[in-house]
């Protein structure tokens, strides 16, 4: 029986001898690999932080001491050590444990995370609250070097160094975010002096000084300070010391003994401390070590080979990628931008083919949009590919730098709608609501992969800000993708006539068609419109339907508040057109994790749900008509 079987809480871990901890690390890695191979999840990042999680819980007294994991995709070992080992097999499953730290799930999860670069600011807030309350506990932020490229992280560092609060920031440096890190900061952090060099340097300095007659011993203390200063100067310590932090490191993040000793020492220090820890993403699993980007977030895979259990099918991301390259081949003004996710957004191939027209700005969505605005101002057509959930971080830039100046920036919003197992922090359920009210913005959603191609091609030619939302996952199989053609701005497509109409957007079009066929068998004629555009709406089409039909049902994979259905109702109100409307969408709540199919079924956003909504709508309309008489 392994040691991990007897560890349910950090108190159990503390009973072990230090020399037993590496065995625990091996068992945790085995459990993570086995579970993720079956369930999918964030593998490489969590494998790289196993020893760090063990050392933190061995030294600190959580949950009284607060540990904030930035993003949280490296926190699987933390979850296993804090009461969730027996439930770890439910990872990211409907009703199971989350793939990210969540305070509602465990008191050991000090702060809810899922997006990058928040941990330092949150930790500093907790440290300030601690001091204001007269309490005494440790506050630790664990942040990756990729997350450190975001401005928010530096805003937190800047104030933390100024306030001199007792806070420990652990920089988990594996030289990657999701993909290989980029930028000047990454280059600076790579200036590391190895332990062997530093030790040799120190020994040579001490030997030389001791050889000086009479004054050698007195100079040792001065020399040690000078030596530390020189090492700090030659490493990233210079940056953090300048920000008011006491810098320690770099140290081996896979040497548990060294981690435990260092954390024990720094936990007694006063003021802001930064511990620079070097780790290897994917540590302990060779396929993940060799290709950490591919094993950042994975589906089920075969452990022996690392190959997916299911061969990947063409996705919307793939279609976006190939279409953008096709367009860029014709139009030299087209450039592509990503925020540290060339693989996730499908831009890796674009980067290979058009390296001079590809820009990875790091985890800096705000910068990405203003950078795009600058390119657009000078005559280029930037296509900025960002997950819907991460575009939320750049709202002000979309408003102030893109829309206000009416610049032709194309925003490709991948993972719009329900994303599945990543859950509440990653569902793209709000982009319609926070984009459609911005003047000059055009907002579209394709019904399938072929329409995605045409909308992307059209967006390049609209000469205005355009956002296109498309889902995570495989394509619908719309057949052979034909030549690119322009879709008139704001033009809907009536797919089927009827007495009551389903105005469907994006991913809801095909379920609406299926629901319509089922209803037709029951004698109910439900028409279907592929609306394509949230803004501008096809007013002529919608007003004609509203005036001639018995009612409208809108269907969208977005929050109902301020969404597509709201836009339709606003149009009818503005034009004084009376028509019963029922909206189908996401209620005013955060949606948990599960498969896309499970969650859409729960929300009534599948064919069965739409059919049920139409039947209920007709039934309610008949009741209302009887009551009127």
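Every number here is computed from the coordinates shown, using simple stated rules; none is lab data. It should be emphasised that the depicted structure is a prediction, and the values quoted were computed from it without experimental measurement. Glycine gets a Cβ as well: all are built from the backbone with ideal geometry, and neighbour counts include every protein chain shown.
Among beta bridges identified by DSSP and lying wholly in the chain, the antiparallel ones come to about 15 percent. Counting only Cα atoms, segment 1-97 measures 35, 31, 23 Å along its principal axes, largest extent leading.
For the pair residue 550 and residue 377, the difference between a 0.36 nm per residue extended length and the Cα-Cα distance amounts to 57.5 nm. Remark: segment 119-170 is approximated by an ellipsoid whose semi-axes, taken from the C-alpha gyration tensor as √(5λ), come to 20, 11, 8 Å, largest first.
Only helical runs count toward this figure. For the chain, summing -39,500 (n - 2.57) over DSSP H runs of n ≥ 4 and dividing by all residues gives -12000 deg cm²/dmol at 222 nm.
Normalise the Debye intensity by I(0) for segment 496-578, one equal point scatterer per Cα, no solvent, then take log10 at q = 0.16, 0.17 Å⁻¹ and round to two decimals. Values, matching the q order: -0.57, -0.64. Grouping the Cα pair distances of segment 321-379 into 5 Å bins from zero gives a pair-distance distribution of 4, 20, 29, 27, 18, 3 percent in increasing distance order. Dividing the mean sequence gap of close Cα pairs (under 8 Å, 6+ apart) by how many residues the chain holds gives a relative contact order of 11 percent. Scaled against the 2.2 N^0.38 Å expected of a compact globular protein of N residues, the Cα radius of gyration of segment 246-405 reads 1.37.
From the largest down, segment 389-493 spans 40, 36, 19 angstrom on the principal axes of its Cα atoms. With Cα atoms defining each centre, segment 347-410 and segment 301-325 are spaced 25 Å apart in the structure.
For the chain, the longest principal axis of the C-alpha atoms and the axis of helix 449-461 are separated by about 80°. Applying 1/(1 + (r/R0)^6) with r as the Cβ-Cβ distance of residue 12 and residue 588 and R0 = 45 angstrom yields a FRET efficiency of 0.65. Extension gain, residue 132 to residue 356: 0.36 nm times the residue separation minus the Cα-Cα distance gives 75.5 nm.
Each principal axis of the Cα cloud of segment 562-629 was evaluated for its coordinate range; sorted largest first, these ranges are 45, 28, 18 Å. Give the calculated FRET efficiency between residue 612 and residue 574 to the nearest 0.05, with a Förster radius of 30 Å applied to their Cβ-Cβ distance. E between residue 612 and residue 574, to the nearest 0.05, is 0.50. Across all Cα pairs in segment 362-448, the calculated P(r) in 10 Å bins from zero up to the longest distance comes to 18, 51, 27, 4, 0 percent per bin.
Would you mind checking the tilt of helix 216-234 against the longest principal axis of the Cα atoms of the chain, expressed as 0 to 90 degrees and rounded to 10? Approximately 10 degrees, to the nearest ten.
Scoring 351-362, 159-170 by mean Cβ neighbours within 10 Å over their residues and listing the highest first yields 159-170, 351-362.
Convex hull volume per residue, computed on the Cα atoms of the chain, equals 191 Å³. Kirkwood's formula applied to the C-alpha pairs of segment 409-564 gives a hydrodynamic radius of 16.1 angstrom. Over the C-alpha atoms of segment 316-469, the Rg to Rh ratio, Rh being the Kirkwood estimate, stands at 0.92.
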